[in-house]
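Read through the structure below, which is laid out as structure tokens, and then see the notes.
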């Protein structure tokens with residue numbers, strides 16, 4: 001990942017602007033940077049990097065260890081059981097280099113739990129058994 005600029009940062013190029021009035025010297029040119037999201041889904045805010053990662057409902061329910069992309073390469077991320085969509089995880093020091101100071105920012109992973117759209121017979125039966133077991137142990141709002 002190229003480093004060196006952040007959104008809103010300016011660079012001054014002395015003497016590279018328009019010519020002055022009545023033959024005066026050229027002014028300065030100011031370049032203002034805008035950092036766009038990457039093709040890999042990374043978004044940046046200063047030195048911090050953000051990425052949304054899909055996980056299966058099984059991984060979210062039972063817990064898992066998944067590989068996630070960072071700007072420094074893949075790392076393993078532990079997903080605790082019971083993780084909900086929108087849960088954020090912080091990977092310290094896995095963001096972009098800080099412009100003024102030492103080290104890197106952080107990377108934040110937001111998980112999105114994906115629900116399957118098609119199930120085979122065994123998967124459907126297993127979920128129906130889970131639903132039945134859940135209903136027998138837990139009463140609804142109205143009784």
> If you go through the stretch 106-121, how many residues are out of contact with any strand residue (DSSP E or B) (no Cβ under 9 Å at 6 or more places or on another chain) and either surrounded by 10 or more Cβ atoms within 10 Å (Cβ to Cβ) or in contact (Cβ under 8 Å) with a residue 60 or more places away in the chain (or both)?
Replying inline: 1
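Look at the stretch 80-96 and say how many of its residues are in contact with a strand residue (DSSP E or B) (Cβ under 8 Å, 6 or more places away or on another chain) and surrounded by fewer than 11 Cβ atoms within 10 Å (Cβ to Cβ).
Filtering the stretch 80-96 down to residues in contact with a strand residue (DSSP E or B) (Cβ under 8 Å, 6 or more places away or on another chain) leaves 83-91, 93-96.
With the extra rule that they be surrounded by fewer than 11 Cβ atoms within 10 Å (Cβ to Cβ), the set shrinks to 84, 86, 88.
Selection size over the stretch 80-96: 3.
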> So is residue 77 modelled with pLDDT under 95 and surrounded by 11 or more Cβ atoms within 10 Å (Cβ to Cβ) or not?
Replying inline: no
>> Looking only at the stretch 20-35, count every residue that is in a loop (DSSP other than H, G, I, E, B) and surrounded by 10 or more Cβ atoms within 10 Å (Cβ to Cβ) and tell me the total.
In response: 6
> Counting only residues that are assigned to a loop (DSSP other than H, G, I, E, B) and without any contact (Cβ under 8 Å) to a residue 60 or more places away in the chain, which one in the stretch 53-71 is surrounded by the most Cβ atoms within 10 Å (Cβ to Cβ)?
Replying inline: 70
> Given 101, 17, which one is in a loop (DSSP other than H, G, I, E, B) and touching a strand residue (DSSP E or B) at 6+ places or on another chain (Cβ under 8 Å)?
Replying inline: 17
> Any idea which residue in the stretch 39-52 is modelled with the lowest pLDDT, counting only those that are surrounded by fewer than 14 Cβ atoms within 10 Å (Cβ to Cβ) and out of contact with any strand residue (DSSP E or B) (no Cβ under 7 Å at 6 or more places or on another chain)?
Replying inline: 39
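The values are calculated or read from the model by the stated rules, or taken from the named source; none is laboratory data. Predicted model, so just to flag it, every value in this text is computed and none were measured. As a convention, Cβ positions derive from the backbone with ideal geometry for all residues, glycine included, and neighbour counts pool all protein chains shown.
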